[in-house]
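Written below as structure tokens is the structure these notes are about.
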Amino acid sequence: MSCALIVSTSEKGKSFFSDLIKTVGISNTVTVGSGSEARRILNRTEFDLVIINAPLTDEFGHQLAIAISKNYNTGVLLVVKNDIADAVSAKVEDYGVFVIEKPLNRQFVYKSIKYIYISRKKFLGLQSENERLKVKISEIRLIDRAKCILIQYLNMSEPQAHRYIEKQAMDLRVTKKDIKDITVVLNGPGAAGTAIIKMMHTAGVGKIIAVDEFGILYKDRQEGLIPHKRALCDITNPDNMQGTLADALKGADVFVGVSKPNLVTDEMVHSMNNDPIIFAMANPEPEITYQKAKAAGARVVGTGRSDYPNQINNVLAFPGIFKGALEARVPSITPEMKVAVAKAIADTISDEDLNEENIMPKIFNKDVTAAVADAIKQFAK
């Protein structure tokens, strides 16, 4: 959730900047009256923007602006009198501090705040992409070294070494992510979304965050928290995170969409953890297209459509579930059975065939129904 800090001795100044910040789209505002108060709160809270209305009660303000810009990942706007604006700007501009002068023009201040806020968002996106590329380069170098060792000591050809390394990665199920350590964001906690969340919880997913049209589901949210969504708060969002879908996806490993088309942007995918997994299952148009998700850096992408790789379709599950339940005479389908079915479907893809564009069996694969039925039968008493 976006948040701004206003440092101003003047109550009039606090009110003026608070009103403008809301129009930019920053939802939360904190106000303090001194540099010492600002330093204390900055040590425990992350801000998207800091506005310093100089002078302050305990210091002028430019040193505070420099310290914030150097030590915190936030945009800084310093407001000073017009007769000293050029001199102050010369001292702080190398640190990325933006200076505007009094008397203030409301429209100019609004544009300045918006420029700083948008620039910071763009910078964070580039920073995230830079970190992702660093990891990719490191992985490529590591793979190249491993190839050289295999070629030198095991007399493999380059293609053989490449395939050997690829198979080892496939044995860790493509992305090498452990289910207990991942964060999954699900958008659309309706009937299907609720069932998916409960399955993931049973399977041991580390952290699940649910998002609806009002934002992240969290305890005590006032808007749209109908009974079944309130119940989901008991098994999701352990940190009581608040914000939008974009906020939820920052640092997440997996996106699961059972919602509406075109809700996920390139920037959201960029903000996710390394090797993000995207399951965009809105039909007929997914939350983000296969092509856009891959171009944005997604390692694995699945949708509900047959014209893209990794089609996710419930027809893979239902025939086998009914077959197994009827043959074994199980009285009900439990959460543990559903997880077993999911694993059985995944295991129908052999290590040799498993790759980023082939994590799901085709819907006409005759082995799937039998595998799913056997997964159900193992629970028969």
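The values are calculated or read from the model by the stated rules, or taken from the named source; none is laboratory data. Nothing here was measured: the structure is a model prediction, and the numbers come from that model. No Cβ is skipped: glycine too gets one built from the backbone with ideal geometry, and neighbour counts run over all protein chains shown.
Quick look at the values:
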read-out: Number of positions in segment 90-127 that are in contact with a helix residue (DSSP H, G or I) (Cβ under 7 Å, 6 or more places away or on another chain), on the phi < 0 side of the Ramachandran plot and small (Gly, Ala, Ser); value: 1
read-out: Residue in segment 41-54 that is surrounded by fewer than 16 Cβ atoms within 10 Å (Cβ to Cβ) and among the small types (Gly, Ala, Ser) present; value: no
read-out: Hits in segment 106-120 (condition: surrounded by fewer than 16 Cβ atoms within 10 Å (Cβ to Cβ), under 20 Å from ALA246 (Cα atoms) and touching a residue at least 40 places away in the same chain (Cβ under 8 Å)); value: SER119
read-out: Hits in segment 362-381 (condition: assigned to a loop (DSSP other than H, G, I, E, B) and either over 12 Å from PRO309 (Cβ atoms) or small (Gly, Ala, Ser) (or both)); value: ILE363, PHE364, ASN365, GLN378, PHE379, ALA380, LYS381
read-out: Filter pass, LYS176 being modelled with pLDDT under 85, part of a loop (DSSP other than H, G, I, E, B) and under 17 Å from ARG299 (Cβ atoms); value: yes
read-out: Per-region count, segment 308-346, residues loosely packed, with under 15 Cβ neighbours inside 10 Å and under 27 Å from the mean Cα position of the chain (by Cα); value: 4
read-out: Test: residue in segment 121-144 that is touching a Lys or Arg at 6+ places or on another chain (Cβ under 7 Å), not hydroxyl-bearing (Ser, Thr, Tyr) and not assigned by TED's automatic domain parsing to the domain that holds SER350; value: no
read-out: Subset of segment 321-341 [aliphatic (A, V, I, L, M) and either part of a loop (DSSP other than H, G, I, E, B) or within 29 Å of ASP266 (Cβ to Cβ) (or both)]; value: VAL330, ILE333
read-out: Breaking point among (1) out of contact with any Lys or Arg (no Cβ under 6 Å at 6 or more places or on another chain); (2) crowded, with 18+ Cβ neighbours inside 10 Å; (3) closer than 30 Å to TYR218 by Cα, for SER69; value: (3)
read-out: When residues of segment 222-235 are limited to those that are within 15 Å of ALA195 (Cα to Cα) and either among the small types (Gly, Ala, Ser) or in contact (Cβ under 8 Å) with a residue 40 or more places away in the chain (or both), the one surrounded by the fewest Cβ atoms within 10 Å (Cβ to Cβ); value: ALA231
read-out: Residue among GLU356, GLU352 that is touching a strand residue (DSSP E or B) at 6+ places or on another chain (Cβ under 6 Å) and at pLDDT below 90; value: GLU356
read-out: Count of residues meeting criterion [surrounded by fewer than 23 Cβ atoms within 10 Å (Cβ to Cβ), closer than 24 Å to VAL24 by Cβ and touching a residue at least 40 places away in the same chain (Cβ under 8 Å)] in segment 55-66; value: 1
